[in-house]
1. Could you do me a favour and compute the accessible area per residue for the chain, 1.4 Å probe, result in Å²?
2. Given a 1.4 Å probe and the protein chains all in place, what does the accessible area of Lys16 round to, in Å² to the nearest 10?
3. Any chance you could count the Lys pairs in the chain whose alpha carbons are under 20 Å apart, treating pairs 8 or more apart or on different chains as valid?
4. Running a GNM on the chain with Cα contacts under 10 Å, which residue among Ala86, Ala40, Ala55 ends up with the highest mean-square fluctuation?
5. Counting only protein heavy atoms and a 1.4 Å probe, tell me what percentage of the stretch 42-99's accessible area is made up of carbon and sulfur.
6. As an exercise, use a Förster radius of 30 Å and the Cβ-Cβ distance of Arg21 and Ala43 to find the FRET efficiency, rounded to the nearest 0.05.
7. Among Leu59, Leu18, Leu81, which one moves the most in a GNM of the chain with springs linking Cα atoms closer than 10 Å?
8. Please list the radius of gyration and Dmax for the chain, considering alpha-carbon atoms only, with Å as the unit.
Amino acid sequence: MPEIVESSALSALQKKELLHRLARIEGQLRGVQKLIAQAATAADCDAVAQQMAAARKALDRSFVQLLTNTMQTQSANATSLADAQASASKLAAMLDKFA
């Protein structure tokens with residue numbers, strides 16, 4: 001796991017949890033690669049598709065967790081209403097761009 005640096009973007013615990021979640025997804029993807037390499041029947045393709053869908057859903061949940069953590073951290077770190085509103089606008093733009 002990469003070294004976790006302190007920052008105002010996310011807490012060390014939030015980063016650790018996200019990195020742990022991504023490591024599990026990485027394991028799922030390695031499993032998918034193995035399933036693809038060993039696929040021999042149409043049923044095997046169904047299993048690959050199922051595992052790909054599970055990995056995609058897990059990555060989507062990680063994205064939501066990132067946004068939720070960012071909202072919590074940015075709200076807690078806001079020094080004024082204007083800062084909080086600016087942070088909310090940035091998050092809304094990120095949702096619009098990536099979701």
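1. Details: 7120 Å² over 99 residues.
Dividing the accessible area of the chain by its residue count gives 72 Å².
2. Rounded to the nearest 10, the figure is 120 Å².
3. Step by step, the pairs that qualify in the chain add up to 5.
4. Ala40
5. Values: 2430 of 4030 Å².
Roughly 60 percent of what the probe reaches on the stretch 42-99 is carbon or sulfur.
6. Details: r = 29 Å, r/R0 = 0.98.
So, using R0 = 30 Å, E works out to roughly 0.55.
7. Of Leu59, Leu18, Leu81, the most mobile in the Gaussian network model is Leu81.
8. 18.0, 60
The values are calculated or read from the model by the stated rules, or taken from the named source; none is laboratory data. Computed from a prediction, not measured in an experiment: that's the story for all the values here. Quick reminder, even Gly has a Cβ in these numbers, built from the backbone with ideal geometry, and neighbours come from all protein chains shown. Surface accessibility is based on the protein's heavy atoms, side chains included, excluding ligands, DNA and RNA. Shrake-Rupley method; radii C 1.70, N 1.55, O 1.52, S 1.80 Å.
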